Amino acid sequence: MASNTQHHELALPRLEAPTRLLAVVAPYYKDVTDGLLAGAQATAQAAGASLDVVEVPGALEIPTAIGMAARSGRYDGFVALGCVIRGETTHYDTVCNDSSRALTLLGLQGVCIGNGILTVEVLAQAEVRADPAGQNKGGGAAAAALHLIALSRSWTETRKGGQPPPHDVIRLAGELEGQGKA
């Protein structure tokens, strides 16, 4: 089935320093995750990054494994790969929502993560999305992690160069410091 959706692909960032990624894979639908992983591996290789792989029992365990690996300091970024297909119960909603929320929370703590956990209605949708020659969602997840790593490094370099880290001032009410009435 053809799709009218156009996909915009960003160029891979130029990584000055060696980059080490970890793909955390929940291989419940092994054919699907093999495709996701192949796409992630090709993208990592194209960017000159190394990619290690670990497997976990299911999508809910992916964020936990990434959190543990992030604390080890061995990796620059992470690629979450798995597939959740809607079934007859609400378990689908729990797995989709909780795995996504946990990855987001890790990201907000500064962990560079590309989310390649597919959430689909039927297996055929997952196959198209996982195919490296198709939608290549595994490659997209690796590219997202690499972009976040590049951003993080650019901000870290700014701090090391004696510049203060960039920040935004958010003020909901009142005046900013130094802005008094004339």
Practice prompt. Tabulate in residue order the Karplus-calculated ³J(HN,Hα) for the range 68-85, using 6.51 cos²θ - 1.76 cosθ + 1.60 with θ = phi - 60°, rounded to whole Hz; enter x for Gly and Pro.
Written response: 5, 5, 4, 5, 6, x, 7, 10, 8, x, 9, 10, 8, 10, x, 8, 10, 10
Worksheet item: When all protein chains stay in place, what accessible area (Å², nearest 10, 1.4 Å probe) is found for Y75?
Response: 40
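Counting pairs of Cα atoms in the range 28-165, how many percent are more than 17 Å apart?
Summing the P(r) tail past 17 Å for the range 28-165 gives 60 percent.
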Worksheet item: Taking the Cα-to-Cβ direction at W155 and at E61 and moving 7 Å from each Cα, how far apart do the two end points lie in nm?
Response: 3.2
Worksheet item: So, with a 1.4 angstrom probe, what is the percent of accessible area on the range 20-159 that is carbon and sulfur?
Response: 52
Worksheet entry | the range 20-159: relative contact order as a whole-number percent, Cα under 8 Å and 6+ apart | 32
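Please give the contour-minus-distance gain from Q109 to S72: 0.36 nm per residue of separation, less the Cα-Cα distance, rounded to one decimal in nm. Don't skip to the answer; put the middle values down first.
Values: separation 37, 0.36 × 37 = 13.32 nm, distance 1.47 nm.
Between Q109 and S72, full extension yields an extra 11.8 nm.
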Discussion item. Quick check for you: which residues of the range 126-155 have the amide N under 19 Å from the point 7 Å beyond the Cα of Y92 toward its beta carbon?
Written reply: 126-130
Worksheet, complete the sentence: Rounded to the nearest 5, the percent of antiparallel DSSP beta bridges in the range 1-150 equals 0
Worksheet item: Given a 1.4 Å probe, how much area per residue of the range 20-159 is accessible, in Å²?
Response: 49
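The values are calculated or read from the model by the stated rules, or taken from the named source; none is laboratory data. Keep in mind that what you see is a predicted model, and the values were worked out from it rather than measured. Positions of Cβ are generated from backbone atoms using ideal geometry, with glycine treated the same way; all protein chains shown enter the neighbour counts. These area figures cover heavy atoms from the full protein model, side chains too; ligands, DNA and RNA do not enter into them. Shrake-Rupley method; radii C 1.70, N 1.55, O 1.52, S 1.80 Å.
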